[in-house]
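Engineer: This structure is in structure tokens; I'll ask about it shortly.
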Amino acid sequence: MAKTGTTTQGLRAAIERSGYYPALVAEAVEAAVGGEPVAAYLVHQETTFDSNEVRRHVTVLVLTGTRFIVSHTDEQAADNTSPSPYATTSTESVKLDRISSVVVSRVVANPESYTPGALPREVVLTIGWGAVSRLDLEPAACGDPNCDADHGYTGSATADDLSLRVSEAGDGPDSVRQTLAFAQALSEATAATGR
């Protein structure tokens, strides 16, 4: 479930509608936002299955005039560190000029008959600001199939601080639409900081 909008009251209402520890999530997000007006937000809840347990996770993304705020809340079952279930909430505040990439990957069925404006069946929003990078390496090779020389390694580094996947089948078309709207607002905001 994803919810998006542009007001502080709307943000609070979307967090409450998610039904996932709303008082805890709202307090953490509102503390991170402070007194800044909310330009856009996205609330996305995921449910995963881990062995015999169902785990929930909520991600809240907030755009203000100067910052991008990301909040994650996870629930944990009782374990040897805690006799009762607990939740962990974290927030990170990133200045807009630190955001280095906003990547929107769209999965479209039947691309030969795609019409502009049609919703993709899946969207992956990846945002990078330099806190986490992924390095993919593989042995380098030359074009000679008989060559057995060591050519070292080749690879790529990818900014991968946040990746959020939303699908029409799992989250509904409104969630896909809302994710695209938030991605556009964030892209426009980061472009404006570069001027």
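Just so you know, all these numbers are worked out from the coordinates, no wet-lab data involved. None of the values given here were measured: they were computed from a predicted structure. Please note: Cβ atoms are built from the backbone with ideal geometry, for glycine as well, and neighbour counts cover all protein chains shown.
Engineer: Output the 0 to 90 degree angle, nearest 10, between the alpha-carbon long axis of helix 173-193 and the longest principal axis computed from the alpha carbons of the chain.
Structural biologist: 80 degrees
Engineer: FRET efficiency for residue 82 and residue 144, Cβ-Cβ distance as r, R0 = 41 Å, nearest 0.05? Write down the numbers at each step before the final one.
Structural biologist: Working: r = 59 Å, r/R0 = 1.43.
It comes out at approximately 0.10.
Engineer: Any idea what the dipole of the chain comes to, in debye rounded to 20, about its Cα centre with Lys/Arg Cβ at +1 and Asp/Glu Cβ at -1?
Structural biologist: Numbers: 14 positive and 25 negative charges, 178 e Å.
Its charge dipole is roughly 860 debye.
Engineer: Select from 100, 68, 38 the residue farthest towards the positive end of the dipole of the chain; place +1 on Cβ of Lys and Arg, -1 on Cβ of Asp and Glu, and compute about the Cα centre.
Structural biologist: Among 100, 68, 38, the one farthest towards the positive end of the dipole of the chain is 38.
Engineer: Turning to a different aspect of this structure: Counting only residues 5 or more places away or on other chains, whose amide H sits under 5 Å from the amide H of residue 121 once H atoms are built in the peptide plane?
Structural biologist: Placed amide hydrogens put 107, 108, 109 under 5 Å from residue 121.
Engineer: Check each of the chymotrypsin sites (Phe, Trp or Tyr not before Pro) in region 68-120 and keep only those in coil by DSSP with at most 14 other C-beta atoms within 10 angstrom; list them in order. Each step should come with its number before you reach the end.
Structural biologist: On the way: sites: 68, 86, 114; in loops: 114.
Those that pass, being in a loop and sparsely packed, are 114.
Engineer: While we're on this one: For the chain, what is the calculated [θ] at 222 nm in deg cm²/dmol (nearest 500), taking -39500 (n - 2.57) for each run of four or more DSSP H residues and dividing by its residue count? Please list the in-between numbers first.
Structural biologist: Numbers: 4 runs with 48 residues, N = 195.
Mean residue ellipticity at 222 nm (helix-derived): -7500 deg cm²/dmol.
Engineer: With N set to the residue count of the chain, report its C-alpha Rg divided by 2.2 N^0.38 Å to two decimal places. Could the numbers behind the result be given before it?
Structural biologist: Values: Rg = 19.9 Å, N = 195, 2.2 N^0.38 = 16.3 Å.
Scaled against compact globular proteins, the figure is 1.22.
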